[in-house]
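Colleague: Have a look at this one before I ask anything.
The values are calculated or read from the model by the stated rules, or taken from the named source; none is laboratory data. Just so we're clear, the structure is a prediction, and the values are computed from it rather than from any experiment. Please note: Cβ atoms are built from the backbone with ideal geometry, for glycine as well, and neighbour counts cover all protein chains shown.
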């Protein structure tokens, strides 16, 4: 029997890339699924330095035909039915609610929510074709699951929906042996967050009880643990990877 097969969306950069690498280095074969396949499978194998099989496939998670085609391609390549799905692909739009276009609103929910639904549905359907299988899905949430951020109304709404979808999916897919959980990262330093906030680490570290920002590897390590057999009785849960950041209440200094 070969390695377990993991599909990671939005895996060409940032948190998704770190998750794909961590899964590969922990013994999974990996499908790097992304809208833009800028790095080849040979690039990943060279830079990761592990023996896992890596396949780079294009997918638009918001498009039903593209999602179905992705799973068809996996089958055409002769790979096993995926055991692990990481719904990481997401988009984000900044700006006041009153200035947001319907196009931006729809695009955010289409990628973040509909994409998670379509990938989950197709994964479960393919798993259902194989007897005696167990699967694990991790949906990527956010601190926005729990707290609202200004100028991010579409993104906050989408991530709240992802958390509730996780719970609903876990109830329905449990009978197939599929566990569904959510990871909610806090202040994680990536190229994107560095571009959004000057002195990102200096700004967010003092607000985080562990007194540092998170890394992409902090998130990836949590994902690997969550899809592993040692967490085999955990489903429908959201795990915060935020160093305690979003557990902190606003508190007056003089209290």
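Colleague: I'm trying to understand the selection: among the residues of region 115-133, which are touching a helix residue (DSSP H, G or I) at 6+ places or on another chain (Cβ under 7 Å) and either assigned to a helix (DSSP H, G or I) or at pLDDT 95 or above (or both)?
Modeller: 116, 117, 118, 119, 120, 122, 124, 126, 127, 128
Colleague: Could you check region 226-249 and list, in sequence order, the residues that are assigned to a helix (DSSP H, G or I) and over 23 Å from residue 137 (Cα atoms)?
Modeller: As a first pass, look at region 226-249 and keep what is assigned to a helix (DSSP H, G or I): 226-227, 229-231, 245-247.
The answer is 245, 246, 247.
Colleague: Moving on to the next point. Restricting to region 45-81, name every residue that is out of contact with any helix residue (DSSP H, G or I) (no Cβ under 6 Å at 6 or more places or on another chain) and buried (at least 20 other Cβ atoms within 10 Å of the Cβ).
Modeller: Once the filter is applied, which keeps residues that are out of contact with any helix residue (DSSP H, G or I) (no Cβ under 6 Å at 6 or more places or on another chain) and buried (at least 20 other Cβ atoms within 10 Å of the Cβ), region 45-81 yields 70, 74.
Colleague: Then there is this: Could you pull out the residue among 128, 160, 78, 135 that is under 22 Å from residue 181 (Cβ atoms) and without any contact (Cβ under 8 Å) to a residue 24 or more places away in the chain?
Modeller: Details: 128 fails: without any contact (Cβ under 8 Å) to a residue 24 or more places away in the chain; 78 fails: under 22 Å from residue 181 (Cβ atoms); 135 fails: without any contact (Cβ under 8 Å) to a residue 24 or more places away in the chain.
The match here is 160.
Colleague: Okay, moving on. Could you tell me whether residue 223 is in a strand (DSSP E or B), in contact with a strand residue (DSSP E or B) (Cβ under 7 Å, 6 or more places away or on another chain) and buried (at least 21 other Cβ atoms within 10 Å of the Cβ)?
Modeller: Details: in a strand (DSSP E or B): no; in contact with a strand residue (DSSP E or B) (Cβ under 7 Å, 6 or more places away or on another chain): yes; buried (at least 21 other Cβ atoms within 10 Å of the Cβ): yes.
It is false that residue 223 is in a strand (DSSP E or B), in contact with a strand residue (DSSP E or B) (Cβ under 7 Å, 6 or more places away or on another chain) and buried (at least 21 other Cβ atoms within 10 Å of the Cβ).
Colleague: If you don't mind, there's one more thing I want to ask. Restricted to region 226-255, and to residues that are on the phi > 0 side of the Ramachandran plot and touching a strand residue (DSSP E or B) at 6+ places or on another chain (Cβ under 7 Å), which residue is modelled with the lowest pLDDT?
Modeller: Looking at the filtered set, the residue picked out is 243.
Colleague: Could you count how many residues in region 165-176 are in contact with a helix residue (DSSP H, G or I) (Cβ under 9 Å, 6 or more places away or on another chain) and modelled with pLDDT of 95 or more?
Modeller: Total meeting the criteria: 5.
Colleague: I would also like to ask the following. Test residue 136 against the criterion of being surrounded by fewer than 24 Cβ atoms within 10 Å (Cβ to Cβ) and either modelled with pLDDT of 90 or more or touching a strand residue (DSSP E or B) at 6+ places or on another chain (Cβ under 9 Å) (or both), and give yes or no.
Modeller: Considered against the rule, which asks whether it is surrounded by fewer than 24 Cβ atoms within 10 Å (Cβ to Cβ) and either modelled with pLDDT of 90 or more or touching a strand residue (DSSP E or B) at 6+ places or on another chain (Cβ under 9 Å) (or both), residue 136 comes out as no.
Colleague: Follow-up. When the residues of region 185-207 are filtered to those that are touching a strand residue (DSSP E or B) at 6+ places or on another chain (Cβ under 8 Å) and not in a strand (DSSP E or B), which remaining residue is surrounded by the fewest Cβ atoms within 10 Å (Cβ to Cβ)?
Modeller: Of the residues in region 185-207, the ones touching a strand residue (DSSP E or B) at 6+ places or on another chain (Cβ under 8 Å) are 185-189.
The next check asks that each one be not in a strand (DSSP E or B); those that pass are 186-187, 189.
Details: 186: 22, 187: 21, 189: 18.
The residue in question is 189.
Colleague: Can you spot a residue in region 101-118 that is crowded, with 21+ Cβ neighbours inside 10 Å, more than 24 Å from residue 185 (Cα to Cα) and within 20 Å of the chain's Cα centre (by Cα)?
Modeller: Scanning region 101-118, I find no residue that is crowded, with 21+ Cβ neighbours inside 10 Å, more than 24 Å from residue 185 (Cα to Cα) and within 20 Å of the chain's Cα centre (by Cα), so the answer is no.
Colleague: Hey, another quick one. Being within 17 Å of residue 124 (Cα to Cα), modelled with pLDDT of 95 or more and part of a loop (DSSP other than H, G, I, E, B) is true for just one of 67, 81, 61. Which residue is that? Give the derivation first.
Modeller: On the way: 67 fails: part of a loop (DSSP other than H, G, I, E, B); 81 fails: modelled with pLDDT of 95 or more.
The match here is 61.
Colleague: Hey, could you check region 208-220 for residues that are part of a helix (DSSP H, G or I) and in contact with a helix residue (DSSP H, G or I) (Cβ under 7 Å, 6 or more places away or on another chain) and say which is nearest to residue 28 (Cα to Cα)?
Modeller: Ranking the qualifying residues of region 208-220, first place goes to 220.
Colleague: In this structure, is residue 225 within 16 Å of the chain's Cα centre (by Cα) and over 28 Å from residue 105 (Cβ atoms)?
Modeller: The answer is yes for residue 225.
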